[in-house]
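The values are calculated or read from the model by the stated rules, or taken from the named source; none is laboratory data. What you see is a predicted model, and the numbers here were worked out from it, not measured in a lab. Every residue, glycine as well, gets a Cβ built from its backbone with ideal geometry; the counts of neighbours run over all protein chains shown. Each accessible area value is taken on the protein alone, full model and side chains, heavy atoms only, with ligands, DNA and RNA left out. Shrake-Rupley method; radii C 1.70, N 1.55, O 1.52, S 1.80 Å.
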Amino acid sequence: MTVSKMTWRPQYRSSKFRHVFGKAATKESCYDGVPITRSVQDNNFCAVNPRFLAVITECAGGGAFLVLSVHHTGKVDPTHPRVSGHRGNVLDIKWNPFDDYCIASCSEDTTVKVWEIPPHGVLKNLTTPWKDLQGHSRRVGLIEWHPTANNILFSTAYDYQVMIWNLDCPEQVIKNPVRTISHHTDVVLSMSFNTDGSLLATTCKDRKIRLMESRSGNLLQEASSKTHKAGKVLFLGNLKKLLTSGTSRWNERQIALWDQDDLSVPLLEENLDGSSGVLFPFYDPDTHMLYLAGKGDGNIRYYEISSEKPYIHYLTEYRSHLPQKGLGVMPKRGLDVSSCEVFRFYKLVTIKSLIEPLAMIVPRRSESYQEDIYPMTAGNMPAVTAEEWLSGIDKGPVLMSLKPGSQVAESHSDRKGLVNSLDTRRSQSRPGMLQLSYIQDKLETKDGKQDSARSEDDRSRTPLSNGEDLALCSPPRTENELRLKFHKQQEEIRRLRELLNQRDVRIKQLELEIKNIKNSQPQSSL
């Protein structure tokens, strides 16, 4: 009888995540009738943030993807407007981690396009991108945003090049990347950044794992293993370790753990099964949990990672009879902390044209906020501007608390200037938009005059949606138009409720401060 190496005495090991379980959404909370792409590219085809869900769709002539409100669940209208500016099939999409209204897409037409999504969603077909990046000579298969620098985008194509783009420039069409990395001899299969974005790891079809400086492109290490063919690579937070998923020499699916400082030999190799689907690894640095989901599988395995041997501890797996084509992952700031949710997948089920949210939950009896499973996490504020990063500055992510009512931690004195410049640039491309970050900035402002001036300026603006004046919009003529306006109105109501909740929290904070000041006055007089 053989015992798997992944089950090192799990019954004797104490862990608060031992009983994490997956909870699939009800049919009413799924997205039904989505024409998911039939592309065979080994990507996730789905991207999520707290406001929108984007999914690459099948369409005739060119490439397109859908952008839906996260709250727009249920049956999706087959004539729902799309983002359709590419001339070839879209292969990958990624939301900007610092702007919920900005998404990048790459395509077989050799271009990368960056899109500005209107605040109420896509109400008509969007064909004009905010930025058009033209530098690759063959189809672009993969894109990644820099994790801490604002408006820095990486792309790689079938011309074996990795290109770095700076979006902080006035040109709409950018033909010259900041830097081109040419170390690869074949197609790049995956890219991953370390926590502060100073290092970039890649896997390539030539079976090699490469570790390089992300800014200069200098190659630091290059490794390959005769017993492991790496497909996907992932930095494991601050543990200084890399995880790769791929196949063994006997074509079994396999994961391998590597020391970041020495890639000569893997620390650990573990065979999983004999299936053929690509293994997608996902890592949560806050809980140190690793999730492995296979393309075409119905199950998702999850493990806990430690810095000491045996490094990887198998927990359990979520099982389903519905196979997944790809998985989108909700950022931590979009999770439901009241139900102890620590991770959320959006599972693409092609055979049913369905997108199924899947919450990973830590079972707790208490309904209060659980600080031990929600440490400070990376927020939606950039740590450095594009110019600062290109000049040689590396900074870790700006952390935020997930506790309801808390604000993003201000760790740098120039944070306000960075946010203001970002809002200014966004307002130029989307006039009349009142962003959530701008609202938060208003709530934090102590000067009443500035508040009143800003509110007057906001009232003087005319709301626009997709470039159209909402006040001049004609009444809906069809059922589809009526439905779209209804969903737009629901989103506006939700946003206003969000604003009211934030104001209530701010009022309570101010009342508490006043009470503390009153209590401290008698003591100071003594």
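The table below gives the values:
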read-out: Using a Förster distance of 45 Å, the FRET efficiency for ASP77-SER391 (Cβ separation, nearest 0.05); value: 0.45
read-out: Part-to-part distance (alpha-carbon centres) for the stretch 191-233 and the stretch 262-340, which is given in Å; value: 19 Å
read-out: Selected from PHE345, PRO129, PRO81, residue furthest toward positive end of dipole (the stretch 21-378; charges at beta carbon); value: PRO81
read-out: Sparsely packed GluC sites (Glu not before Pro) within the stretch 351-388, loop by DSSP, other Cβ within 10 Å at most 14; value: GLU367, GLU371
read-out: Loop sites in the stretch 267-328: GluC sites (Glu not before Pro), DSSP, at most 11 other Cβ within 10 Å; value: GLU308
read-out: Ranked by how many other beta carbons lie within 10 Å on average, peptides 138-144, 234-240, 99-105 from highest; value: 99-105, 138-144, 234-240
read-out: Debye-sum result for the stretch 103-241 in log10 I(q)/I(0), which assumes one identical scatterer on each alpha carbon, at q = 0.08, 0.19 Å⁻¹; value: -0.23, -1.11
read-out: Residues of type lysines that LYS229 reaches as a straight line, Cα spacing below 24 Å, ignoring anything fewer than 8 places off in the same chain; value: LYS5, LYS205, LYS208, LYS240, LYS241, LYS295, LYS309, LYS325
read-out: Per residue convex hull volume, Cα atoms of the stretch 216-266, in Å³; value: 81 Å³
read-out: Spherically averaged projected area in nm², based on the convex hull that wraps the Cα atoms of the stretch 21-378; value: 17.3 nm²
read-out: Neighbour-limited loop hits for trypsin sites (Lys or Arg not before Pro), the stretch 70-130 (at most 15 other Cβ within 10 Å; DSSP other than H, G, I, E, B); value: ARG87, LYS124
read-out: Rounded to whole Å, sorted largest first: equivalent-ellipsoid semi-axes of the stretch 145-203, Cα gyration tensor; value: 20, 16, 8
read-out: Reduced Cα scattering model of the stretch 112-193, Debye log10 I(q)/I(0), q = 0.15, 0.24 Å⁻¹; value: -0.58, -1.20
read-out: Dipole magnitude of the stretch 111-168 about its Cα centre (Cβ charges: Lys, Arg +1; Asp, Glu -1), debye to nearest 20; value: 200 debye
read-out: Fraction of accessible area attributable to carbon and sulfur, the stretch 21-378 (%, probe 1.4 Å); value: 47 percent
read-out: Solvent exposure of the stretch 21-378 as accessible area per residue, Å², 1.4 Å probe; value: 37 Å²
read-out: The stretch 21-378: relative contact order in percent, alpha carbon pairs under 8 Å with at least 6 residues between; value: 13 percent
